[in-house]
Amino acid sequence: MKIEIKERILHFKQPAGTSRGVYTTRKIWLLTISDGGRTAIGECAPLPQLSCDDIEDYAAVLRNFCNIIEDRGAIPYEEMRPYPSMLFGVETALEQLKHTDGLVFDTPFSHGEEGIPINGLVWMGTHDEMLERLKEKLELGFRCVKLKIGAIDFQKELDLIQHIRKHFSRDEVELRVDANGGFTPDVALDRLQELARYDIHSIEQPIMARQWTEMARLCQLSPLPIALDEELIGVNTKAEKIQLLDTIKPKYIILKPSLHGGVNGTREWIALAKERGIGSWITSALESNIGLNAIAQLAADIYGPHITMPQGLGTGMLFTDNIDMPLEIRNDCLWITKRS
């Protein structure tokens, strides 16, 4: 087995704003694994200032793990638990090596036989910018829209949500909001109560992570279902996952495989949540189409066939220099172009 690593910089078509800052470029590492005449590719894509494996010597650590895998012919899972983006890249590439037709996981979605419903993502911006982006998503056929909030005045964000609800009922458009930890604990419950007036499906990460007592209180008192995202980052062992879920008791968890444990770690999170009656869905984390393809196939393998819950997989059109893959969005579903 031989593993080659190439660094690549992707460029956003327009700045991607979150409550933690604005992204204009995206650095990823592509792994090409060759074994007995077969070749597969995986993507390692840590998010700056967010991933638990966003480290200065990332390339050197990744190379070291690849050397171990080349030598052993297997992934050193326990050693790699703290490095989920690296784990995801090698896991998905090795899964692809098992197939002769480029599949990562063998599902109806992977064969182009069915699509996966996805939410339309509206990035942070001014009120007018967000309204225009929302209109574009609705015109494209999206019936589940996720709004990034927490960057502009909260009242203006409420005005935008109110505008949506004046024109579209919850049966016509499902609204999700993502605060990315943008609320402080002292105002969070009041804001959740205000948001709940507009028939919102859920809110992601209302306050910053690592405030378990406050987050548990919000999950208990909030009239709006809370989904955990950043809260899951760095929680890598099964015991830690159980402790978090049993302490906070969220309504949902949202899994980004590159941040939350790779393929096996994501499966573990979902299984533990299901045991506790906690819902989940999977999203991408600004990967290239290589990573998006693998994440979508993983979602289809875990939740399919016939997925009904919209997943967060609409990031394939963000870059000017993305990597070509047979992915396309038709109305509000992600499809793989059917293989001949």
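Structure data summary
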read-out	value
10 Å binning of all Cα-Cα separations within segment 33-188, expressed as whole percents from 0 upward	9, 25, 22, 24, 16, 3, 0
Percent of C-alpha pairs per 5 Å bin, segment 194-324, short to long	2, 10, 20, 21, 20, 14, 9, 3, 1, 0
Å³ per residue enclosed by the Cα convex hull of segment 1-107	129 Å³
Relative contact order computed over the chain (Cα-Cα under 8 Å; 6+ residues apart), in percent	21 percent
DSSP bridge orientation in the chain - percent antiparallel, rounded to nearest 5	55 percent
Nearest 10 degrees, 0 to 90: helix 84-97 Cα axis against the chain principal axis	50 degrees
Distribution of pairwise C-alpha distances over segment 100-207, 5 Å bins, in %	2, 11, 21, 21, 15, 9, 7, 6, 5, 2, 0
Sequence-distant residues sharing a close amide H with Leu334 (under 5 Å, placed H)	Ile116, Ile118
Kirkwood hydrodynamic radius of the chain, from inverse mean 1/r over distinct Cα pairs, in Å	20.5 Å
For segment 261-340, radius of gyration divided by Kirkwood radius, i.e. Rg to Rh on alpha-carbons	0.98
Hz values of 3J(HN,Hα) by residue in segment 219-226 - Karplus curve (6.51, -1.76, 1.60), Gly and Pro given as x	4, 6, 9, 5, x, 10, x, 9
Accessible-area composition of segment 109-190, carbon plus sulfur, in percent [1.4 Å probe]	45 percent
26 Å Cα-Cα reach of Lys238 towards lysines, excluding residues that sit fewer than 8 places from it in its own chain	Lys249, Lys251, Lys256, Lys274
Rounded Å value of the spacing that divides the Cα centres of segment 289-326 and segment 109-176	18 Å
Check: the chain dipole with +1 on Lys, Arg Cβ and -1 on Asp, Glu Cβ, in debye	360 debye
Three semi-axes of the equivalent ellipsoid, segment 71-110, Cα gyration tensor, whole Å, largest first	22, 12, 7
Ordering of 32-44, 81-93, 174-186 by packing [mean C-beta count within 10 Å, highest first]	81-93, 174-186, 32-44
Angle between the chain longest axis and helix 185-195 axis [Cα atoms, degrees, rounded to 10]	70 degrees
Computed helical MRE - 222 nm, the chain, DSSP H runs ≥ 4 contributing -39500 (n - 2.57), nearest 500	-11000 deg cm²/dmol
At q = 0.16, 0.18 Å⁻¹, base-10 log of I(q)/I(0) for segment 147-241 (Debye sum, equal scatterers on each alpha carbon)	-0.65, -0.80
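The values are calculated or read from the model by the stated rules, or taken from the named source; none is laboratory data. The structure presented is a predicted model; accordingly, all values stated were derived computationally and were not measured. Counting neighbours? That spans all protein chains shown, and the Cβs are built from the backbone with ideal geometry, glycine included. Heads up: the accessible areas ignore ligands, DNA and RNA and are worked out on the full protein's heavy atoms, side chains in. Shrake-Rupley method; radii C 1.70, N 1.55, O 1.52, S 1.80 Å.
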